[in-house]
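Quick note: the coordinates plus some simple rules give every number you see, no bench work behind them. Computed from a prediction, not measured in an experiment: that's the story for all the values here. No Cβ is skipped: glycine too gets one built from the backbone with ideal geometry, and neighbour counts run over all protein chains shown.
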């Protein structure tokens with residue numbers, strides 16, 4: 001019974017963990033996407049590149065592809081470069097890899113990180129309008145850890161390994177909640193500061209308008225009095 005409960009909790013944690021997978025077609029241009037990452041967080045990515053023309057020769061619909069390379073689809077020598085920019089725009093990581101590769105980096109600041117994938121032209125690989133299908137996955141935080149390797153090194157049983165993984169995932173969730181609470185607090189402080197500045201400048205605008213009105217009334221009154229004396233004297 002306890003084993004079933006642990007497995008159920010692991011499944012629930014996996015469902016809400018930071019693990020993303022996607023397919024996209026890459027031509028001669030760079031493609032980028034963004035991921036919000038906390039400071040000092042490990043991010044591990046995997047990608048597999050296949051020639052889209054060869055794949056279409058065997059499959060009519062890209063949606064039919066599984067996570068593993070389809071049988072009968074021949075690969076193409078291909079090099080792509082993955083680069084990562086931190087929230088300030090500074091290049092945090094850049095690596096050139098072949099058809100199937102793994103990369104990893106650790107964030108140095110909170111915020112949105114931009115991950116870009118671009119083809120590395122060599123010879124005539126990207127001549128014409130050739131396109132490739134990229135299978136890209138990204139694991140963030142505790143999900144980036146190799147739990148099988150940890151269990152093997154620590155000599156964990158299957159149940160102990162599941163509990164260790166569950167604790168790591170729960171720790172990741174707690175860190176994420178703390179991060180979003182901190183973001184919410186910063187947003188509240190920004191909102192309060194903006195409100196105070198708006199109120200200040202509204203008061204300044206009212207005072208300027210009042211001073212301008214008083215000045216105009218003074219000059220109008222002075223001008224009217226001067227005109228009245230002029231006509232009476234004339």
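Can you put 179, 23, 47, 218 in order of Cβ neighbours within 10 angstrom, beginning with the fewest?
If I rank by nearby Cβ atoms, fewest first, I get 218, 23, 179, 47.
Could you line up 91, 80 from fewest to most neighbouring Cβ atoms inside 10 Å?
By the 10 Å Cβ count, ascending, the order reads 91, 80.
How much length is gained if the chain between residue 218 and residue 191 is pulled fully straight, taking 0.36 nm per residue apart and subtracting their Cα-Cα distance, in nm to one decimal?
That works out to 5.7 nm of additional length.
Going by average Cβ neighbours within 10 Å, how do the peptides 37-46, 181-190 rank, with the highest at the top?
For the peptides 37-46, 181-190, the packing ranking is 37-46, 181-190.
Eigenvalues of the Cα gyration tensor times 5, then square-rooted: what semi-axes does that give for the range 157-223, in whole angstrom, largest first?
Calculated on Cα positions only, the semi-axes equal 64, 4, 4 Å.
Which FRET efficiency, nearest 0.05, do residue 177 and residue 102 yield, Cβ-Cβ r, R0 30 Å?
Approximately 0.55, to the nearest 0.05.
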